[in-house]
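Throughout, read-outs are computed from the coordinates displayed, never taken from laboratory work. Just so you know, these numbers come straight off a predicted model, no measurement behind them. So basically every Cβ, Gly included, is an ideal-geometry build from the backbone, and we count neighbours across all protein chains shown.
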Ligand code: GDP
């Protein structure tokens, strides 16, 4: 079963121009590695969900959050290393076989080694074969045991590197603060800086129905808040920053990109906060894309309605236009500062969590599929066999996952798959959450 909630992170760290993003793209584009892109375009992709030997993880390219600059161990490199240290389970130091910068890389390596997280060295651009063996030797002299000569350009050595990553990941156990209590609904509040995340969280805490059982700060490692609302337990993820925050943040910092991503990863339901008076930008859509890609429940919350003059209907249309993939998610209009609309947002969380855990009876699924095949059968694709659909069954929950047994997956059009998963959400009532539809081929030829 594909449990996404605790996907481990593998971070690519290294100096500018060592080929980290090419490496990420190579791994994403690799036919053997099943990946899907999380963030918008290839250019701004920073994360790739990767499956290798049936093992899922997220590969993160730290380059996207770092300015290209001189190859000194400057503040940016330092910041990047710190971020990777905090967030990743495994670090991959990428160095360039073509233009070795041994002294700086040695410094980086020494810093990384102190962190005591599994560290793998990837000597990239090893298509210039002459250089790489001696370069690898330099690093083995420094005591790094796992090193691979790879070429992001040609794909050489990538398979061995992925094998090693998976081997290392299998050996890691999640740290205690990473585990969300099982009888609790995990919720996170995400959005651009200054949309009002802290204000909303503090507003939720002030609600009468909300009983706070533990907030971060009581122990050194606690980062989440435990709340009870109408007898139900909720874990608000990564609220340490939200609780303490009392400043206005001018810049999206390096840390928050990872933090958002990591919070989503641990959640059942995510509240994506937007500002009524601000235009929706790519960053908002990218976060929504990440939530969708990690198959999490989503609630859209439009804040600062006290400052908005136009009609709510127009705003609703504007939101729908910019988040077409989130058609199944509810949208709420609030003023966190004035404490308006908060109860509705809180009340929407549990039904989505329940929908994510719902199990549909086989008889209902049979009837549903039968009706769909009658009214909207799959069309035959060019150069493909006549599509045949045999059965639909639910294989897991959170996220709800269904398996469609067909003759050949390639014969089933994207339009039919989309129609079917949308109909599952709409007619079998999985509001607020994506559902996963997997195709299984029955016929061998
Ligand atoms: P965060 O960075 O997303 O946590 O945002 P904050 O909660 O720190 O809020 C950023 C700024 O927006 C602060 O000055 C808040 O007072 C203000 N703010 C938050 N919610 C509202 C709201 O509903 N209406 C208005 N007018 N301002 C708000």
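Overview of results
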item	result
Segments 431-437, 321-327, 164-170 sorted - mean Cβ within 10 Å per residue, highest first	431-437, 164-170, 321-327
Residues 114, 106, 266, sorted so that the one with the fewest Cβ neighbours within 10 Å comes first	114, 106, 266
Footprinting exposure proxy for 111, 49, 20 (fewest neighbouring C-beta atoms within 10 Å first)	111, 49, 20
Radius of gyration and maximum dimension Dmax of the stretch 264-365, Cα, Å	14.8, 50
Distance from the stretch 188-212 to the stretch 306-337 (C-alpha centre basis), Å	18
Intensity falloff of the stretch 391-439 expressed as log10 I(q)/I(0), Debye formula with alpha-carbon point scatterers, at q = 0.21, 0.29 Å⁻¹	-0.71, -1.20
Volume of the Cα convex hull of the stretch 303-356, divided per residue and given in Å³	81
Neighbour-count order for 269, 187, fewest beta carbons within 10 angstrom listed first	269, 187
Estimated FRET transfer efficiency (residue 213, residue 183; beta-carbon r; R0 22 Å; 0.05)	0.95
Cα gyration tensor shape of the stretch 324-428, rounded if a/c is under 1.5, else prolate or oblate by comparing a/b with b/c	prolate
Residues in the stretch 285-302 that a label on residue 422 would reach, taking backbone N under 11 Å of a point 7 Å out along Cα→Cβ	none
